[in-house]
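Student: Below is a structure I'd like to ask you about.
The values are calculated or read from the model by the stated rules, or taken from the named source; none is laboratory data. Because the structure is a prediction, the values reported are computed rather than measured. In this analysis, Cβ positions are derived from the backbone assuming ideal geometry, glycine residues included, and neighbour counts consider all displayed protein chains. These accessible areas exclude ligands, DNA and RNA; they are computed on the full protein's heavy atoms, side chains included. Shrake-Rupley method; radii C 1.70, N 1.55, O 1.52, S 1.80 Å.
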Amino acid sequence: MKTIGLIGGLSWESSAQYYRLLNEAVRQRMGGLHSARVLLLSLDFAPIAEYQASGDWDVLDTQMADAARSLAAGGAELLLICANTMHLCAEAVEAATPVPLLHIADPAIAAIKAAGFARVGLLGTAFTMEKPFYTARMAAAGIEAMIPGDADRAIVHGIIYDELVQGVIRDASRAEYRRIIAALVAGGAEAIVLGCTEIMLLVGEADSPVPLFDTLALHVDAAVEAALAA
């Protein structure tokens, strides 16, 4: 079993889900007392969020590259960035070490294509919804990503940073996400991508009239498959 290196703390709320789901998946596949070989470097999210807001992505590239090198030095054989947004730093992470990075968008793209969908709604932080690092990767695979309008993007983003990353789950926020999902479906979305690793804490299949693609769960499944591959 390969050792999976997690760049976490982005936020720790979702990193805790990564750790739990990785171990559950390994136990399910291998049985008995088996668990995942995991190295977790959990970063302090507060200054990272400040750099995101101020657009200092060069600083974040450096910090993420340093985290990747630390995990590689500790014996990681596969790297995961435990957040969709921080894949804005994926190229810096890939350049920092020869340890392969499993990009969070790729398992989602594979699952969407396997399901036969070509037009999906994308929910995530404003960075993930608006910057091309995510939607362009999907477009290159033949998948059109629809995003909410300006006001709804602000609502989705605000709930993530003001509530979900702080462990706050509110029924009113779930209702807003349901409304926004319904609007995307009405606009032609065949499925919805939960493009933020905290959204799965708030909504599930019962909240959407079309299939949901949980990027965190799909990332975990792909990581376990890679870790157990011969």
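Student: Which residue pairs have Cβ atoms closer than 7 Å, lie 6 or more positions apart in sequence or on different chains, and pair a first residue in the range 97-118 that is within 19 Å of E144 (Cα to Cα) with a second residue that is open to solvent by 20 Å² or more (accessible area, probe 1.4 Å) and of a type in the set (A, V, I, L, M)?
Tutor: Pairs found: P107/L218; P107/A222; A108/L218; I109/A141; A111/L218; K113/A141.
Student: Another question, then. What are the pairs, 6+ residues apart or on separate chains, where a residue within the range 158-180 that is under 16 Å from A16 (Cα atoms) and touching a residue at least 12 places away in the same chain (Cβ under 8 Å) has its Cβ under 8 Å from a residue that is in a helix (DSSP H, G or I) and of a type in the set (D, E, K, R)?
Tutor: So the pair list comes out as L164/E13; V165/E13; Q166/E13; G167/E13.
Student: Another question about this same structure. Just to check your reading of the model, which residue among V193, V185, V156 is assigned to a helix (DSSP H, G or I) and surrounded by 21 or more Cβ atoms within 10 Å (Cβ to Cβ)?
Tutor: On the way: V193 fails: assigned to a helix (DSSP H, G or I); V185 fails: surrounded by 21 or more Cβ atoms within 10 Å (Cβ to Cβ).
The conditions single out V156.
Student: Further question: With the condition kept exactly as written, say whether any residue in the range 213-221 is closer than 28 Å to Q166 by Cβ, open to solvent by less than 10 Å² (accessible area, probe 1.4 Å) and among the aliphatic types (A, V, I, L, M).
Tutor: Within the range 213-221, the subset closer than 28 Å to Q166 by Cβ is 213-221.
Keeping just the survivors that are open to solvent by less than 10 Å² (accessible area, probe 1.4 Å) gives 215-216, 219-220.
Still in the running and among the aliphatic types (A, V, I, L, M): 216, 220.
Within the range 213-221, one or more residues are closer than 28 Å to Q166 by Cβ, open to solvent by less than 10 Å² (accessible area, probe 1.4 Å) and among the aliphatic types (A, V, I, L, M).
Student: Now for a different question. Restricting to the range 117-134, give me the number of residues that are open to solvent by 10 Å² or more (accessible area, probe 1.4 Å) and modelled with pLDDT under 95. Explain how you work it out, then say what you get.
Tutor: Taking the range 117-134 as the starting set, the residues that turn out to be open to solvent by 10 Å² or more (accessible area, probe 1.4 Å) are 117-119, 126-127, 130-133.
Now narrow it down to the ones that are modelled with pLDDT under 95: 131-133.
Within the range 117-134, residues that are open to solvent by 10 Å² or more (accessible area, probe 1.4 Å) and modelled with pLDDT under 95 number 3.
Student: Let me ask something additional. Can you confirm whether P107 is within 16 Å of M138 (Cβ to Cβ) and either among the hydroxyl-bearing types (S, T, Y) or in contact with a helix residue (DSSP H, G or I) (Cβ under 9 Å, 6 or more places away or on another chain) (or both)? It would help to see each step written out before you state the result.
Tutor: Numbers: within 16 Å of M138 (Cβ to Cβ): yes; either among the hydroxyl-bearing types (S, T, Y) or in contact with a helix residue (DSSP H, G or I) (Cβ under 9 Å, 6 or more places away or on another chain) (or both): yes.
Yes: the conditions hold for P107.
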